[in-house]
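The values are calculated or read from the model by the stated rules, or taken from the named source; none is laboratory data. None of these values were measured; they are calculated from a predicted model. Note that we place each Cβ from the backbone using ideal geometry, even for glycine, and neighbour counts take in every protein chain shown. Heads up: the accessible areas ignore ligands, DNA and RNA and are worked out on the full protein's heavy atoms, side chains in. Shrake-Rupley method; radii C 1.70, N 1.55, O 1.52, S 1.80 Å.
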Amino acid sequence: MVYNYYMKFIDTHIHGGYGINFNTCNYEDFHLFAKNIKKRGIVAFCPTLVGDNTSILKNRLELINKALHNQKRDEAVILGAHLEGTFLNPQKSGIQNAGTFYAPTVENFKKIAENNMDVVKIVTLAPELDKNSSLTNFLEENNIKAHAGHTISTELYNVSGTTHHFNAMEPLTHKKSNIALKGMLDNKVYCEIIADSLHVNDDMLKLFFKIKNKDKIILVSDALPIAHSELDSIVFCGKNIYKGGKDKDGTLAGSSMFLDEIAKNLINKNLLTKEEVQKMAYDNVLAHLGIDYKIE
């Protein structure tokens, strides 16, 4: 199949690319990334931050706030930040450094967000650690989407989404229920998925796309700073990550593909139609984030 269909994409889970790391880059790099990524049809994105100390995360949000208020027409729109690596379960840390995790409380979130709370669009958390769903409820009440991720929870509780579905959560099993299964069956919950055929194999993608309500699927890249760079390795979450997105032990840190490439992968393998990809990589994002206008 020839991939010549113009599409628009919004990526709500992306850590960088072109050698730019959103956890460490400077102000100008946000604009450079936004300009380059728009050339690929990615018209908007949420810079996604892994865990770090409070002062660094506060600085990151301040930079993102400044960048999104000073964008140019030739740049992909910075929608706001996705805080991924802050309120996770150490048992499902993946590549991330469990030493940077905080308890998922409203107080800890406010220490990080402070005057930039409106910059945060999505927070990934382990809902089993969120007592009485206090942080989850606070986020949702303030128009910030709470996603379950890096979790061992068997319940969705009050989250409105899941982060990179299947990855960093308990696997599907016929013996008991868990978030991976409940997320697929719950028509109120949006599910992010990294459909690069590496994070989730093609047969599982087929099952997921068959079962999950297509109005509630969000395609994401989870792209790493090494994506489309000339670097042989990068330091990410304090570890050396190599081309292909893995550390020396083979642990996946993220993807080396951008969202347009993942779309091409899905279309060329006949896993999804062009129209389905457009829905999951653009329309569903607008609906999930409550954006009532088109982004060009």
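Listing for the model above:
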| item | result |
| --- | --- |
| Relative contact order (%) - criterion: Cα under 8 Å, at least six apart; region: region 21-89 | 44 percent |
| Relative contact order (%) - criterion: Cα under 8 Å, at least six apart; region: region 173-223 | 45 percent |
| Solvent-accessible heavy-atom area per residue, rounded to whole Å², over region 1-120 at 1.4 Å | 41 Å² |
| Charge context of residue 252, other residues only, Cβ under 12 angstrom, K/R +1, D/E -1 | -2 |
| Distance between modelled label sites at residue 134 and residue 249, nm, 7 Å Cα→Cβ extension | 3.3 nm |
| Computed over the chain: relative contact order in percent, which uses C-alpha pairs under 8 Å that are six or more apart | 20 percent |
| From phi via Karplus (6.51, -1.76, 1.60), per-residue ³J(HN,Hα) for region 106-119 in Hz, x at Gly/Pro | 4, 4, 5, 5, 5, 4, 7, 6, 6, 7, 10, 4, 6, 7 |
| Carbon/sulfur fraction of accessible area - region 1-113, other protein chains in place, 1.4 Å, % | 49 percent |
| Among the listed pairs 121/269; 212/264; 182/243; 110/243; 216/264; 38/269, those beyond 29 Å (Cα-Cα) | 121/269; 182/243; 110/243 |
| Phi-based couplings in Hz for region 58-65 (Karplus 6.51, -1.76, 1.60; Gly and Pro marked x) | 4, 4, 4, 5, 5, 5, 4, 4 |
| Order of exposure, largest accessible area first, which applies to 231, 286, 63 with probe 1.4 Å | 231, 63, 286 |
| Convex hull of Cα atoms in the chain, direction-averaged projection (nm²) | 14.3 nm² |
| Accessible surface, per residue, of region 202-282 when the full set of protein chains is kept, probe 1.4 Å, Å² | 44 Å² |
| Highest-fluctuation residue, 106, 50, 119 considered, GNM on the chain with Cα pairs under 10 Å | 106 |
| Cα centre as origin, Lys/Arg/Asp/Glu Cβ charges: region 247-296 dipole, Debye | 160 debye |
| Calculated on alpha-carbon atoms, Rg and Dmax of region 69-190 in Å | 15.0, 52 |
| Solvent-accessible area, 1.4 Å probe, carbon plus sulfur percent, for region 123-181 | 48 percent |
| Those trypsin sites (Lys or Arg not before Pro) in region 144-238 that DSSP places in a loop and that have at most 13 other beta carbons within 10 Å | 175, 176, 188 |
| Selected from 267, 244, 257, residue furthest toward positive end of dipole (region 228-267; charges at beta carbon) | 244 |
